[in-house]
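The block underneath contains the structure these notes are about, expressed in structure tokens.
Here, each number is a calculation from the coordinates, and none is a lab measurement. From a predicted model like this one, the values you see are computed outputs, not experimental measurements. We place every Cβ from the backbone using ideal geometry, glycine too, and count neighbours over all the protein chains shown.
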Amino acid sequence: MDNVFSKERFLTSLNACKSYKSLDATLLAERLSELAEIGRTKQGGISRLVYTAEEKQAKQRLTKWLEELGLVVREDAIGNLLALYEGENPELPVVMTGSHLDTVPNGGAFDGALGVLSSLTAIEGLIKEGKRPKRSIELVVFVDEEGTRFKNGIFGSRVMMGEVTYDDLLRFEDEEGIKLVDAIKEQGLFPEKIKETHYPKENIHAFVELHIEQGKILEENQEKIGIVKGIAGPSWHSFTFVGETDHAGNTPMTHRKDSVAAAAELILAVEQIPPKVSKTAVATVGKMNVHPNGSNVIAGETTITVDARDIDEDLREQMNRQIINAANKIAEKRGLSLEHKTEITIPPVLAPQAIQDAIKHASEALKLPYRYVISGAGHDAMILGKYVPSGMIFVPSVNGKSHSPEEFTHLDDCLDGIAVLKETLYELANQ
Ligand SMILES: [Zn+2]
């Protein structure tokens, strides 16, 4: 299992010439390795789902490190962790930074955990350098970013921004039938006090999250820093073709109303549409339900879901209209009926120029090659970005792998990213 995470592999991915005086590479490697052991699977991945003993242990470990650094740590009513590095003017709105510690099942060591440790290491670096900015810097660990257990992702940030009510909590349970409220209570937390977790947006000056790219663009272009211009919000549309269920042997090819064939035609059409709309648009059919789903039956009903994303909302909607048009034409041509439903639409979020500039200044000062990128995946920064100026720093992912035991980022690249994060936070916190 050479291609999974190990402390040795991580440590040897450090170029000996590379060093940042106030950033401790060995300590970072040790901490990331310690977290990677919590919830480690046989396949070499990590399963650390929300409101489990593993997730709690990871949060406790981090709390210990934060307290050793002299920071005051608090946990809000639903489990978000917050730690304050007090600035010279603590009454000013804070600069917030952080990520998440939960993973997908059998996920990687870097998604979320690297962001949290980067924020910790950046603050530690500032402390070592004796740099206390004007504004306080607040580290945050958002609970349940991945949303695997309750199918309810980017949860902690939505709660913190006041988007979730107690009644909303009652609607969710996991596959074992454990209710979300009970899972929260079991951790010694207080779902009924959900209102107290709302963080007034006027008390946040900016939010910055470091994250692995989860793609190959930086690696392929030998760039170290991705300055995220925006996060492409997803929209989901479902299309159900209704034809006629018939015998696969006795129905001539000329007399069929085959819903699978119609869905297949739409899937191929969906693949062609995004490049005609914009360079950054993407659309995916990852889910298909066939009824009755038998080898010798012409299926009467097939549903597919199209996930369409772009950084520009108008262009995304233009893409959706083209997809809906294509679906209607296919249904008409084949004599099938079509049901179309909009499942979700999440608006894209753009990073304000001032935050992008702060990241750019830091990258230039450190002579690190950077590129402007967009994030196709959702992050807590997407939620914060609706209310407060928010930005993200991406670091390269080896082979673009993520949500897998093979997820890896060279220690060198982690340090470069943290150095940029540190300077970005310092600049923002002195505004
Ligand atoms: Zn993540």
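About the centre of its Cα atoms, segment 233-345 shows a dipole size close to 220 debye [charges on the beta carbon of Lys, Arg (+1) and Asp, Glu (-1) only; nearest 20 debye].
Relative to the dominant Cα principal axis of the chain, helix 313-334 is inclined by about 20°.
For segment 117-126, the Karplus equation 6.51 cos²θ - 1.76 cosθ + 1.60, evaluated at θ = phi - 60°, returns couplings of 5, 5, 4, 4, 5, 5, 5, 4, x, 4 Hz by residue, with Gly and Pro reported as x. Reported value for the chain: 155 Å³ per residue, from the convex hull of its C-alpha atoms.
Nearest 10 degrees, 0 to 90: what angle lies between the long axis of helix 25-36 and the longest principal axis of the chain (Cα atoms)? Roughly 40 degrees, rounded to the nearest 10. Rounded to two decimals, the Cα-based Rg/Rh of segment 233-345, with Kirkwood Rh, is 1.03. Principal-axis analysis of the Cα atoms of the chain puts helix 411-429 at an angle of about 70° to the longest axis.
Computed from the Kirkwood radius of its Cα pairs, the Stokes-Einstein diffusion coefficient for segment 68-136 at 20 °C and 1.002 mPa s stands at 160 µm²/s. Too long at a 23 Å Cα-Cα cut-off: which of 64/229; 134/193; 216/360; 279/333? Beyond 23 Å: 64/229; 134/193; 279/333.
Name the residues of segment 62-77 whose amide N is less than 13 Å from a point 7 angstrom out from the Cα of residue 168 along the C-beta direction? None, by backbone N distance to the label point.
Counting only aspartates and glutamates at least 8 places from residue 21 when in the same chain, those with an alpha carbon closer than 16 Å to its own are 124, 129, 412, 413, 416, 423.
Approximating the spin labels as points 7 Å out from Cα along Cα→Cβ, the residue 284-to-residue 367 distance works out to 3.9 nm.
Dividing the mean sequence gap of close Cα pairs (under 8 Å, 6+ apart) by how many residues segment 233-345 holds gives a relative contact order of 44 percent.
Between residue 13 and residue 353, full extension at 0.36 nm per residue minus the direct alpha carbon distance yields a gain of 119.1 nm.
The GluC sites (Glu not before Pro) of segment 81-182 meeting both criteria, a DSSP state outside H, G, I, E and B (loop) and at most 13 other C-beta atoms within 10 angstrom of the site's C-beta, are 88, 91, 129, 175, 176. Counting 0.36 nm for each residue step from residue 128 to residue 57 and taking away their Cα separation leaves a gain of 22.8 nm. When the Cα positions of 320, 95, 112 are compared along the charge dipole of the chain, 320 comes out farthest toward the positive end, with charges on each C-beta of Lys, Arg, Asp and Glu. Residues 280, 424 in ascending order of nearby Cβ atoms (within 10 Å, fewest first): 280, 424. Between the C-alpha center of segment 294-325 and that of segment 223-244 there is a gap of 11 Å. Per-residue ellipticity at 222 nm from helix content only, as computed over the chain with -39500 (n - 2.57) for each DSSP H run of at least four residues, stands at -10000 deg cm²/dmol. Whole Å is fine, so just give me how far the alpha carbon centre of segment 346-403 lies from that of segment 91-112. When both Cα centres are located, 14 Å separates them.
Here each label is just a point 7 Å from Cα along the line to Cβ, and for residue 276 and residue 34 those points are 5.6 nm apart.
Per-residue extension of 0.36 nm, minus the Cα-Cα distance of residue 256 and residue 321, leaves a gain of 20.6 nm for this segment.
Sites listed here are chymotrypsin sites (Phe, Trp or Tyr not before Pro) in segment 166-209 whose DSSP assignment is loop and whose Cβ has at most 15 other Cβ atoms within 10 Å, and the list is empty. For the options 348, 234, 369, a Gaussian network treatment of the chain with springs between C-alpha atoms closer than 10 Å singles out 369 as fluctuating the most.
Counting only DSSP beta bridges whose two residues both lie in the chain, roughly 65 percent are antiparallel.
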